[in-house]
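Novice: One structure, pasted below without further comment.
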Amino acid sequence: MYGFQGTVVGLRYKDGVALAGDTRATSAYLVMSKRAKKLFKIQRAIGVAISGSPGDTRSLVDILETEANLYRLKRKEEITTKSLASFTANLLHSQKMFPYITSVILAGTSGDGSRLYSLDPVGGRLEEEKFASAGTGASVSYGVLEQNYQKDVGEEDGVKLAAQAIQQAIERDAATGDSIIVAKIDEEGYQELSEEEVKELLK
């Protein structure tokens, strides 16, 4: 009932990071929503892609946004991607007896270059050099990423590959479906692509 719903992807490209996900939320064999949000901006240059329980997802995002805002107010600077990933891992681990039903990809370019992390529900944290995927269609998207990712991939190709990985997961995984959402994070910050831009990207 609470399985990781849908699929999310994170991918590092030359000067930034791309995030992508689908918009389907399921409960067992029922499609509960076709417009579920799985990508979130935490601060100017940090975002997360989360597959899992919609309620736990919203709660976790609220906590991360609050932590980033408090950090900025206290220190007069934005929290780094690495520091927020560490906070997230500690938070998830502290709830390991009653875990958030989420699988998190956290990415950003805040303070210390482009970084990409994958975090499991009990706080396991891995920094990824190339890409990461989570959710029910992760095995499909990983196949696409492994086959097509190239070192020093540029922004356009990197963002397109992230979208293609979700597109293939939609084809093969019943819990992944409906629309594809894509965001890029670079020196200009977190920018979510429009539906038209995503369609053009996948032509």
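Novice: Give, rounded to the nearest 20 debye, the magnitude of the charge dipole that the stretch 59-122 has about its Cα centre when Lys and Arg contribute +1 at Cβ and Asp and Glu contribute -1 at Cβ. Kindly include the intermediate steps, with their values, before the conclusion.
Specialist: Numbers: 7 positive and 7 negative charges, 38 e Å.
That gives the stretch 59-122 a dipole magnitude of about 180 debye.
Novice: Right, something else. Under a straight-distance cross-link criterion of Cα-Cα below 19 Å, which aspartates and glutamates are reachable from Lys74, leaving out those fewer than 8 residues away in the same chain?
Specialist: Partners found: Asp62, Glu65.
Novice: At a 10 angstrom cut-off on C-beta neighbours, averaged per residue, how do the peptides 115-126, 141-152 rank from highest to lowest? Could the numbers behind the result be given before it?
Specialist: On the way: 115-126: 18.8, 141-152: 15.2.
Top of the packing list down: 115-126, 141-152.
Novice: Is the shape of the stretch 20-94 rounded, prolate or oblate, going by the alpha carbon gyration tensor and its root eigenvalues a ≥ b ≥ c, with a/c under 1.5 for rounded and a/b larger than b/c for prolate?
Specialist: Details: a/c = 2.88, a/b = 2.15, b/c = 1.34.
Because a/c hits 1.5 or more and a/b exceeds b/c, the stretch 20-94 counts as prolate.
Novice: If you plug each phi of the stretch 84-90 into the Karplus form 6.51 cos²θ - 1.76 cosθ + 1.60 with θ = phi - 60°, what whole-Hz ³J(HN,Hα) values come out, in order, with x for Gly and Pro?
Specialist: After applying 6.51 cos²θ - 1.76 cosθ + 1.60, I find 5, 5, 5, 4, 4, 4, 5 Hz.
Novice: On to the next question. Which order do peptides 186-199, 99-112, 166-179 fall in by mean Cβ count within 10 Å, highest first?
Specialist: Details: 186-199: 14.5, 99-112: 23.9, 166-179: 20.2.
Those peptides, ordered most packed to least, come out 99-112, 166-179, 186-199.
Novice: Moving on to the next point. Beta carbons within 10 angstrom, averaged per residue: use that to sort the peptides 156-164, 90-98, highest first. Don't skip to the answer; put the middle values down first.
Specialist: Numbers: 156-164: 21.7, 90-98: 12.4.
Peptide ranking by packing, descending: 156-164, 90-98.
Novice: Take the alpha carbon atoms of the stretch 91-158, find their center, do the same for the stretch 167-203, and report the distance between the two centers in whole angstrom.
Specialist: Measuring centre to centre over Cα atoms gives 16 Å.
Novice: In straight Cα distance, which lysines are under 28 Å from Lys160, not counting same-chain residues fewer than 8 positions off?
Specialist: Lys14, Lys34, Lys37, Lys38, Lys41, Lys82, Lys130, Lys151, Lys184, Lys199, Lys203
Novice: Right, something else. Evaluate the charge dipole of the stretch 7-201 about its Cα centre and quote only its size in Debye, nearest 20, assuming +1 on the Cβ of each Lys and Arg and -1 on the Cβ of each Asp and Glu.
Specialist: Numbers: 24 positive and 29 negative charges, 136 e Å.
Around 660 debye, computed over the stretch 7-201.
Novice: Grab the beta carbon distance between Glu127 and Ile63, set R0 = 25 Å, and tell me the FRET efficiency rounded to 0.05.
Specialist: Details: r = 21 Å, r/R0 = 0.84.
Step by step, r from the Cβ atoms, then E = 0.75.
Novice: Given axes a ≥ b ≥ c from the Cα gyration tensor, I'd like to know whether the stretch 75-149 is rounded (a/c under 1.5), prolate (a/b larger than b/c) or oblate.
Specialist: Details: a/c = 3.16, a/b = 1.18, b/c = 2.67.
Oblate, because a/c is 1.5 or more while a/b does not exceed b/c.
Novice: Less than 12 Å Cβ to Cβ from Thr57, Lys/Arg counted +1 and Asp/Glu -1: what total charge do the surrounding residues give? Walk me through the numbers on the way to the answer.
Specialist: Values: positive: Lys37, Lys38, Arg58; negative: Asp56, Asp62.
It works out to a net charge of +1.
Novice: Each residue of the stretch 174-180 in turn: what ³J(HN,Hα) in whole Hz from Karplus with 6.51, -1.76, 1.60 and θ = phi - 60°, glycine and Pro shown as x?
Specialist: Running phi through 6.51 cos²θ - 1.76 cosθ + 1.60 with θ = phi - 60° gives 5, 7, 10, x, 6, 8, 10 Hz.
Novice: Can you give the calculated 222 nm mean residue ellipticity of the chain, where each DSSP H run of n ≥ 4 adds -39,500 (n - 2.57) and the sum is split over every residue, rounded to the nearest 500 deg cm²/dmol?
Specialist: Details: 5 runs with 72 residues, N = 203.
Value at 222 nm, helices only: -11500 deg cm²/dmol.
Novice: Further question: Assign one of three labels to the stretch 95-203, namely rounded, prolate or oblate, based on the Cα gyration tensor with a ≥ b ≥ c the square roots of its eigenvalues; rounded applies when a/c is under 1.5, prolate when it is not and a/b is larger than b/c, and oblate otherwise.
Specialist: Values: a/c = 1.62, a/b = 1.16, b/c = 1.40.
In terms of gyration-tensor shape, oblate.
FYI, it's all coordinate maths here, none of it is from the lab. Source: prediction; values computed, not measured. Heads up, the Cβs are rebuilt from the backbone with ideal geometry, glycines too, and the neighbour counts pull from every protein chain shown.
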